[in-house]
Amino acid sequence: MTRSAMTSMLHSQGEFRTLPNDSSLTAMMAKNSQIIQVGHENVDVGEGVKVKHKVYGIDGAIIKEASDLIYSRPYSSMTQKERDIAVHCPKCKQKRLIKERWSDCLICQRKTE
Ligand SMILES: [Zn+2]
């Protein structure tokens with residue numbers, strides 16, 4: 001999904017008072033380890049001019065099922081309830097929701113690099 005596709009999808013849901021602009025959306029996606037760049041798409045911007053837009057997708061190496069989403073969520077997008085129980089991952093030092101039997105967070109467990 002490109003940024004503009006994402007913007008129009010967010011818009012159609014109508015749940016936001018203000019929509020993120022292009023650059024804040026870029027920053028948000030760069031910071032979120034749930035999302036990766038999956039390629040490029042040539043977008044026709046008129047007059048036969050085509051520009052390359054980045055295409056983003058969910059990182060399938062980390063997110064395998066819907067329930068993985070809350071365990072890989074960045075602290076900034078957690079609810080207050082989640083923040084209260086989030087702990088520092090010993091490996092990446094990020095605050096995440098970590099199951100008791102896990103030694104580190106879901107992202108560290110699944111990231112290969
Ligand atoms: Zn970690």
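Read-outs: derived from the displayed coordinates by stated rules, not from any lab. Owing to the predicted nature of the structure, the values given are computational and were not obtained by experimental measurement. All Cβ positions, glycine included, derive from the backbone under ideal geometry; neighbour counts span all protein chains shown.
Below are the figures for this structure:
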quantity: Enumeration of residues in region 50-86 that are touching a residue at least 24 places away in the same chain (Cβ under 8 Å), polar (S, T, N, Q) and surrounded by fewer than 15 Cβ atoms within 10 Å (Cβ to Cβ); calculated: Ser76, Ser77
quantity: Residues of region 74-113 that turn out to be among the β-branched types (Val, Ile, Thr), part of a loop (DSSP other than H, G, I, E, B) and more than 10 Å from the ligand (Cβ to nearest atom), as a count; calculated: 2
quantity: Checklist (1) out of contact with any strand residue (DSSP E or B) (no Cβ under 8 Å at 6 or more places or on another chain); (2) closer than 30 Å to Cys108 by Cα applied to Lys54, failing item; calculated: (1)
